[in-house]
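Shown next, in structure tokens, is the structure this report addresses.
Every read-out reported here was derived from the displayed coordinates using simple, explicitly stated rules and does not represent laboratory data. This one's a predicted model, so the numbers in the text were calculated from it and none came from an experiment. Cβ placement follows ideal geometry from the backbone for every residue including glycine, while neighbour counts extend to all protein chains displayed.
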Amino acid sequence: MKRKAAPVPQTRLGRLARLGLAAGELAVGGALEGLRRLARQQPAAGPALLSAANARRLAERLARLRGAAMKLGQLLSLQGDDVLPPEFSQALAVLRAEAAPMPVEQLRRVLGREFGKGWERRFARFDWEPIAAASIGQVHRARTADGRELALKIQYPGVARSIASDVENVAALLRLFNLLPLDLEIAGLVAEAKRQLLQEADYRAEAGFLEHFARLVADEPLLVVPRVHRDFTTARVMAMDYVEGAPLESLAEEGVPQARRDAVGALLERLMFRELFEFRVMQTDPNFANYLVQPGGRVVLLDFGSTRAFTPAFVANYARITRAAIDGDLEAIARHAVAIGYVTRDDPPERVRAAVDVILLVCEPLRWRGPYDFAASDLPARARALGFELAVRRGLLRGPPPETIFLHRKLVGSFLLLARIRARVDAQALVLPLLDAALARAR
């Protein structure tokens, strides 16, 4: 169900005021929860501020803001209970659903600013109802005056110039109410989020990534990357071919052959491994809305805003730790965990062992021999439970290194994606050739 249109707050002051309201709501909600517990003589199950009702209030405020505030909430929701309390990570998960579109009047002003006066004459048809609406912008179908069928990705006004302040303000809000663990490297997280989101708000940069990926996957006939139309692309509007296809989630419907689910799952899993270990550039947002499926098992790749390039050294370290996890080599895992930054050389043995245990667990699909049934797996629940025990109860886990947060989003999101379409994939067989090649290049 599509959300009702709502204006996007554009000014820094307006956006700050709405986050100020969120802070007030959290404080009032925490006080009321404390009074309720006192009246019921209910023992505390955690600070009153961390109630499910407060979590929902924060999620609703971030959703209304859209832009970087909503995007940061989405990112935090995927980091798991070792970063946010369970109530908050669960409530923030609603931010991964479709956002409210901007009203038509606001949309007209954006298009006039980007295309100039009389922009309507460039189109034979423009559909005012968006195909999709996300945190940074919304997508409309249009036909140009010369007959091209386009999908126009149109950015919400004010998003780009508010990124730095949004990220700072949301981080300050979470810190103010002690909603982030004390040892999380918040300064690094904020800097990485700003860097990635500023790139994501530059649609000319995204157009370049889309064209780059089209070249990278040219040898994969089952992957479709829409063509960019540069004459209709600006910093805040990106134009690409309108491509037909069914939602990826349609593969989860009854009657879809298991072989088709498995083939699409394997295609996406292999693409993810190629992105990291071969291309060294990755689309880091595996949202369901970013894929379509076509007859014959083809998959359309739609969104390259959140694309991250990795250095050869970073990729080599991940190849080494992945190989060590597959081999069950605990000493090598610990050594490479230091190189990546999950632990330090000075950490006590119990903290190093905690990191090794988590790495072994989350690499379960790669360590599994034969097809791994993603839908039947309870790995996400086990990983959450272990992360909560080690990070929150025992204080043995550090926050992830800032440069890994978007990679983690891809890894976690891809697991959930394959589970949703009920795919069974031999992940180990897919990754080993790519690992061996990456390790050979790193020697």
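Net charge within 10 Å of Pro312 by Cβ-Cβ distance, Lys/Arg positive one each and Asp/Glu negative one each, not counting Pro312 itself? Don't jump to the answer; show the numbers that get you there.
Numbers: positive: Arg280, Arg441; negative: none.
Neighbour charge sum, excluding Pro312 itself: +2.
Going by how many other beta carbons lie within 10 Å of each one, how would you line up Tyr342, Tyr156, Tyr242, fewest first?
Details: Tyr342 25, Tyr156 29, Tyr242 17.
By the 10 Å Cβ count, ascending, the order reads Tyr242, Tyr342, Tyr156.
Mind giving me the FRET efficiency for Glu331 and Phe115? R0 is 45 Å, r the Cβ-Cβ distance, nearest 0.05 is fine.
Numbers: r = 60 Å, r/R0 = 1.32.
With R0 = 45 Å, the Cβ-Cβ based efficiency is 0.15.
Mind giving me the FRET efficiency for Arg353 and Arg195? R0 is 22 Å, r the Cβ-Cβ distance, nearest 0.05 is fine.
Values: r = 33 Å, r/R0 = 1.48.
Efficiency at R0 = 22 Å is approximately 0.10.
Rounded to the nearest Å, what's the spacing between the alpha carbon centres of region 119-142 and region 149-172? Just the number, please.
Taking the Cα centre of region 149-172 as reference, the centre of region 119-142 is 17 Å away.
Would region 395-443 count as rounded, prolate or oblate if I go by the C-alpha gyration tensor, calling it rounded below 1.5 in a/c and otherwise prolate when a/b exceeds b/c, oblate otherwise?
Numbers: a/c = 2.38, a/b = 1.05, b/c = 2.27.
Oblate, since a/c reaches 1.5 and b/c is not below a/b.
Expressed in nm to one decimal, what extension gain is obtained for the pair His212 and Leu361 from 0.36 nm per residue of sequence separation less their Cα-Cα distance? Walk me through the intermediate numbers first.
Numbers: separation 149, 0.36 × 149 = 53.64 nm, distance 3.39 nm.
Full extension of this stretch gives 50.3 nm more.
Only loop residues by DSSP count here, and only those with at most 16 other Cβ atoms within 10 Å; note down the GluC sites (Glu not before Pro) in region 250-297 that meet that. Provide the component values of the computation, followed by the final result.
Details: sites: Glu253, Glu254, Glu269, Glu275, Glu278; in loops: Glu253, Glu254.
Qualifying residues, ordered by number: Glu253, Glu254.
With Cβ to Cβ distances under 15 Å as the rule, what net charge do the other residues near Arg441 carry (K, R +1; D, E -1)?
Numbers: positive: Arg274, Arg280, Arg320, Arg323, Arg443; negative: Glu278, Asp436.
Here the count lands on +3.
Between Arg345 and Ala442, what is the label-to-label distance in nm when each label sits 7 Å out along the Cα-to-Cβ direction?
Calculated label separation equals 1.9 nm.
Measure off 7 Å from each Cα along the Cα-to-Cβ vector at Arg141 and Ala429, then give the distance between these two points in nanometres to one decimal.
3.9
How would you classify region 324-443 from its alpha-carbon gyration tensor, with a ≥ b ≥ c the square roots of the eigenvalues: rounded for a/c under 1.5, else prolate if a/b is greater than b/c, otherwise oblate? Please report the intermediate quantities before stating the final value.
Working: a/c = 1.86, a/b = 1.22, b/c = 1.52.
In terms of gyration-tensor shape, oblate.
Once a ≥ b ≥ c are taken as the square roots of the eigenvalues of the Cα gyration tensor of region 244-380, is the result rounded (a/c under 1.5), prolate (a/b larger than b/c) or oblate (a/b not larger than b/c)? Working shown, then result.
On the way: a/c = 2.70, a/b = 1.76, b/c = 1.54.
Because a/c hits 1.5 or more and a/b exceeds b/c, region 244-380 counts as prolate.
What distance in nm lies between label points placed 7 Å from Cα along the C-beta direction at Ala235 and Glu254?
Distance between the two pseudo-spin positions: 5.3 nm.
For the pair Ala309 and Glu149, what calculated FRET efficiency results from E = 1/(1 + (r/R0)^6), where r is the Cβ-Cβ distance and R0 = 30 Å, to the nearest 0.05?
On the way: r = 31 Å, r/R0 = 1.04.
Once the sixth-power term is evaluated, E becomes 0.45.
Counting Lys and Arg as +1 and Asp and Glu as -1, what is the net charge of the other residues whose Cβ lies under 15 Å from the Cβ of Arg422?
Working: positive: Arg260, Arg261, Arg420, Arg424; negative: Glu249, Glu253, Glu254, Asp262, Glu269, Asp373, Asp378.
That sum, taken over residues with Cβ under 15 Å, equals -3.
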